[in-house]
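A quick write-up on the structure given underneath.
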Amino acid sequence: MGSDASQYRGLGDIIVTARPFDEYVAMFDLHDADLLAGPVLDCPAGASGFAHGARALGADVTAVDPVYGGPHDALVVRARRDTVFGNDYVRGNPETYSWGFFTDLDDHLTRRLGAVDAFDADRRANADRYVVGALPALPFENDAFALVLSSHLLFVYPDHFDAPAHLAGVRELARVCSGEVRMFPLVDTTTAPWPHLDQLRRDLEGVGHGSEVRQVPYEFIRGGNDMLVVDGSASLDA
Ligand SMILES: C[S@@+](CC[C@H](N)C(=O)[O-])C[C@H]1O[C@@H](n2cnc3c(N)ncnc32)[C@H](O)[C@@H]1O
């Protein structure tokens, strides 16, 4: 949390969150077959426990995030601090959240801190699968992944990324994907839906990427129970 977050709506600055594997499964409505069909990318992975859980199932997972450029121990400390910050934000904005996946604030904090531990262990054991990179220019070949998951960056931080940055970001996720790019949620941390979603989908269609909005069996930010699924199989130059 290096900058003055008061200039931003909702949660403010982009924090390094840590969502556990089962939260990813719910957010992206994942089934084992989705994870085992080919290489999977989590972008941005932050300090999430997704790679740890998916690897245990036998998935071939790569995590990418700009924060992997710094020392690992400091990142783990930051992720724990940001997790507590996020829990405090939920406590202070109860109208924004719905309970179901998490039972209460303590459950939220415990499971998110558990995800930091899973991230810590997985990155120590599989350091080469945690790659430094940022949208809109990822360090991967075209179609390197069969499935790309992207949670809580685009759509969620509207003061950090404008509409052109969203289009560039989604096109880059699609470039490295031969199958589905799944993005969640489509609301920000004030519960506001991303207002340019229809235009984004038209622009993606114009370059060959079909898309659909699919409901998922998960909601934490109220109204946030849809994911955007983009067809990454289209030709890059379309
Ligand atoms: C809220 S976290 C989400 C992490 C994880 N997907 C989750 O749901 O817990 C947002 C992450 O986006 C990363 N980030 C910030 N700018 C980025 C960019 N331009 N490209 C990719 N990741 C970025 C941050 O470092 C941070 O770890």
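The values are calculated or read from the model by the stated rules, or taken from the named source; none is laboratory data. Every value quoted in this text rests on a predicted model; they were computed, and no experiment measured them. Note that each Cβ is placed from the backbone with ideal geometry, even for glycine, and that neighbours are counted across all protein chains shown. SASA here: full protein model, heavy atoms, side chains in, ligands and nucleic acids out. Shrake-Rupley method; radii C 1.70, N 1.55, O 1.52, S 1.80 Å.
Here's a check for you: in segment 157-170, which residue that is over 18 Å from E180 (Cα atoms) and touching a residue at least 40 places away in the same chain (Cβ under 8 Å) is surrounded by the most Cβ atoms within 10 Å (Cβ to Cβ)? Write out each step before concluding.
Taking segment 157-170 first, the residues over 18 Å from E180 (Cα atoms) are 157-165.
Now restrict to residues that are touching a residue at least 40 places away in the same chain (Cβ under 8 Å): 157-160.
Values: Y157: 19, P158: 21, D159: 14, H160: 13.
So the residue we want is P158.
Taken residue by residue, segment 133-143 has no member that is out of contact with any Asp or Glu (no Cβ under 6 Å at 6 or more places or on another chain), closer than 17 Å to I14 by Cβ, in a loop (DSSP other than H, G, I, E, B) and open to solvent by 30 Å² or more (accessible area, probe 1.4 Å).
Taken over segment 114-158, the residue count meeting the criterion of being within 13 Å of the ligand (Cβ to nearest atom), within 17 Å of the chain's Cα centre (by Cα) and of a type outside the set (S, T, N, Q) is 21.
Among the residues making up segment 164-201, a single one is among the small types (G, A, S) and in a loop (DSSP other than H, G, I, E, B): A192.
Matching residues to (1) outside any helix (DSSP H, G or I); (2) buried (at least 20 other Cβ atoms within 10 Å of the Cβ):
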position	(1), (2)
E23	no, yes
D29	yes, no
D34	no, yes
G38	yes, no
L41	yes, yes
G46	yes, yes
H52	no, yes
R55	no, no
A59	yes, yes
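One residue stands out in segment 61-103 among those that are among the polar types (S, T, N, Q) and outside any helix (DSSP H, G or I): the one that is farthest from the ligand (Cβ to nearest atom), namely T103. Six or more apart or on different chains, Cβ under 8 Å: which pairs go from a residue in segment 106-119 that's in contact (Cβ under 8 Å) with a residue 60 or more places away in the chain and crowded, with 20+ Cβ neighbours inside 10 Å to one that's assigned to a helix (DSSP H, G or I) and among the basic types (K, R)? Could you list them? From segment 106-119, the pairs are V116/R80.
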